[in-house]
Structure formats: structure tokens, C-alpha cells
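Please read the structure below before turning to the comments.
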Amino acid sequence: MSSEPVWETVIRLAASDVLNLNDRNHWSKAASKRRTIRQLAEQTARFSRAPRLERARLVVEIAFPDRRRRDPHNWMGTVKPIVDGLVDAGVLPDDDAKHLLGPDLRRHPAVAGKRMGSPIYEFHLALYDRGGTA
């Protein structure tokens with residue numbers, strides 16, 4: 001079990017596409033965003049050749065578009081479909097406690113800023129191999 005991540009990537013999303021647990025979106029709008037995030041995470045894992053692991057720890061550092069005070073755990077609504085996309089890509093057999101430790105959400109020290117004039121969020125994923133079964 002290495003202390004270095006076996007795979008890292010960054011998923012960038014427009015502020016209008018992230019899901020915050022404090023949002024009060026209509027279920028259909030939130031479902032559409034979850035589906036899009038999940039597909040993006042799956043494609044990212046496949047195209048970057050993420051390893052297939054039996055058990056892993058996931059750390060997600062979120063770079064916000066500004067330096068305002070934030071609670072990273074409120075973005076679990078975005079991170080859950082990311083994790084589901086990793087499972088869809090075959091990175092892990094499942095996202096249950098037997099196969100996944102975390103995700104551990106933290107604030108990234110950098111500011112994501114804007115792209116084409118719109119604020120963005122960056123989800124920096126670091127996956128650590130935790131070997132066989134729990």
C-alpha cells in the first residue's frame with residue numbers, strides 16, 4: 001500500500017453544473033446534472049486509463065471559483081456521481097465500504113477561477129490503492 005496516489009485527474013465543471021447539498025433544485029434538473037457528471041467521470045477514467053482496483057481510498061480536493069469561506073462536504077452531491085462514474089468505468093467493483101474508503105473531501109489551495117467568463121469548480125481526484133478486501 002503506497003502513500004502515493006496510483007491515479008490522479010481533475011474534473012472541471014461550470015458553477016451551473018455542480019450539485020451542492022444546500023441547493024433546492026427540482027429533482028429532474030438535479031437528475032440531469034448527476035447523469036452528466038457521472039458520464040464525464042466515467043469517460044475521464046476510461047480515457048486516462050485509470051487502474052482497476054479491488055479496494056481504494058479516494059481524496060477529492062475542490063478548487064472553488066473564489067476564496068469565499070466554503071464547506072467542501074456540501075459538494076458531496078457532485079462527488080457521489082463522480083464516484084459512480086468511476087465504478088461504471090470499472091475502476092472499482094462497487095462504491096460500498098468494502099471497496100472504497102472515503103471519499104475524503106477537502107478544499108484545494110488554488111482558486112479555479114473562470115473559464116470563458118464563467119466561474120468553474122475543479123475536482124482534483126487522487127486514488128490510493130488499499131490492496132485486497134477490507
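Each reported figure results from applying straightforward, stated rules to the coordinates on display, with no laboratory input. In this text, all values refer to a predicted model and were calculated from it rather than measured experimentally.
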Among (i) 28, 16, 14; (ii) 20, 19, 14; (iii) 25, 16, 14, the entry matching semi-axes √(5λ) of the Cα gyration tensor in Å as calculated here is (iii)
Anchor Lys114: lysines whose Cα lies under 21 Å away (excluding residues fewer than 8 positions away in-chain)
Lys33
Working from Cα positions, state the angle (0 to 90°, nearest 10) between the long axis of helix 76-88 and the longest principal axis of the chain.
40
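Work out, step by step, the length gained on full extension between Asp23 and Ser48: first 0.36 nm times the residue separation, then minus their alpha carbon distance; give nm to one decimal. Write down the numbers at each step before the final one.
Values: separation 25, 0.36 × 25 = 9.00 nm, distance 3.12 nm.
Extra length from Asp23 to Ser48 when fully extended: 5.9 nm.
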Where the centre of each part is set by its Cα atoms, how far does region 4-59 sit from region 65-134, in angstrom?
7
For the chain, take the longest principal axis of its alpha carbons; what is the angle in degrees between that and the long axis of helix 27-47, to the nearest 10 within 0 to 90?
50
